[in-house]
Amino acid sequence: METRMNLFDTELGTKIGKRIYAVSQVIQESPLPESTQELVQLRASQINGCGFCVDIHGKDAAAAGEDAARLNLVAAWRHSTVFTDAERAALALAEEGTRIIDGYEGVTDQTWARVREHYDQEQAIALVCLVAMINATNRLGVILHNQGGSYVPGDLSTIAG
């Protein structure tokens, strides 16, 4: 399967891509822990089948020192012992916020209460926006057939221009 088009090959695509990246940078610089950000992005990307984003977030997390066992268990986080209660709340939010299309009610009050138990207002805003942005990015990647496998950790800023 070949990539259908490069978002950055046109002026409009470049403008859109740079703005998406700028929002992602604001979230990255937020008080939400970096490891939580990568785990959430990895899980949403797995659900959405975006190989490009799974490649990016798995490799960036590993390069930042994330444990291989935790990365390998993200898809089965409910059945593992390696995640904190705060990370579990974030992963539940990521799943429920991603699977809206699957007939779920959206984010349940129970999940939201767990998120608010572990994350302050700024972190919760960052987490909600992170889930929204990774889902948008996943959709771009899947629609355009962006392939995973060749990403070099830390190169996301280069890709985004």
Original post:
Does residue 27 satisfy the condition of being over 23 Å from residue 73 (Cα atoms), assigned to a helix (DSSP H, G or I) and touching a residue at least 40 places away in the same chain (Cβ under 8 Å)?
Top reply: yes
Original post:
In region 87-130, what residues are acidic (Asp, Glu), closer than 20 Å to residue 48 by Cα and touching a residue at least 24 places away in the same chain (Cβ under 8 Å)?
Top reply: 87, 95
Original post:
Among the residues of region 40-57, is any over 21 Å from residue 143 (Cβ atoms), touching a residue at least 12 places away in the same chain (Cβ under 8 Å) and not polar (S, T, N, Q)?
Top reply: yes
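Table: residues versus (1) in contact with a strand residue (DSSP E or B) (Cβ under 7 Å, 6 or more places away or on another chain); (2) within 15 Å of residue 148 (Cβ to Cβ); (3) buried (at least 23 other Cβ atoms within 10 Å of the Cβ); (4) at pLDDT 95 or above.
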residue: 45; (1), (2), (3), (4): no, yes, yes, yes
residue: 49; (1), (2), (3), (4): no, yes, no, yes
residue: 69; (1), (2), (3), (4): no, no, no, yes
residue: 72; (1), (2), (3), (4): no, no, no, yes
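Surrounded by 14 or more Cβ atoms within 10 Å (Cβ to Cβ) and of a type in the set (Gly, Ala, Ser): does that describe residue 90? Steps first, please.
Values: surrounded by 14 or more Cβ atoms within 10 Å (Cβ to Cβ): yes; of a type in the set (Gly, Ala, Ser): yes.
For residue 90, the condition - surrounded by 14 or more Cβ atoms within 10 Å (Cβ to Cβ) and of a type in the set (Gly, Ala, Ser) - is met.
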Original post:
Between a first residue in region 66-86 that is farther than 16 Å from residue 34 by Cα and a second residue that is in a loop (DSSP other than H, G, I, E, B) and small (Gly, Ala, Ser), which pairs have beta carbons less than 6 Å apart while being 6 or more apart in sequence or on different chains?
Top reply: 73/80
Original post:
residue 24 passes all but one of (1) farther than 19 Å from residue 148 by Cα; (2) at pLDDT 95 or above; which number fails?
Top reply: (2)
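Would you mind finding the one in 63, 69 that is in contact with a Pro (Cβ under 6 Å, 6 or more places away or on another chain) and of a type outside the set (Val, Ile, Thr)?
Working: 69 fails: in contact with a Pro (Cβ under 6 Å, 6 or more places away or on another chain).
After applying the criteria, what remains is 63.
Inspect all residues belonging to region 58-67 and state whether any of them is out of contact with any Ser or Thr (no Cβ under 8 Å at 6 or more places or on another chain), under 21 Å from residue 140 (Cα atoms), surrounded by fewer than 13 Cβ atoms within 10 Å (Cβ to Cβ) and at pLDDT 95 or above. Walk me through it before giving the result.
Taking region 58-67 as the starting set, the residues that turn out to be out of contact with any Ser or Thr (no Cβ under 8 Å at 6 or more places or on another chain) are 58-60, 62-63, 65, 67.
Going one step further and asking which of them are under 21 Å from residue 140 (Cα atoms), we end up with 58-60.
Then keep just the ones that are surrounded by fewer than 13 Cβ atoms within 10 Å (Cβ to Cβ); that gives none.
No - not one qualifying residue is present in region 58-67.
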Original post:
Taking residue 153 and the conditions (1) closer than 16 Å to residue 40 by Cα; (2) under 16 Å from the mean Cα position of the chain (by Cα); (3) surrounded by fewer than 17 Cβ atoms within 10 Å (Cβ to Cβ), which numbered condition does it fall short on, given that it satisfies the others?
Top reply: (1)
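The values are calculated or read from the model by the stated rules, or taken from the named source; none is laboratory data. Computed from a predicted structure; not experimentally measured. Backbone-built Cβ (ideal geometry, glycine too); neighbour counts: all protein chains shown.
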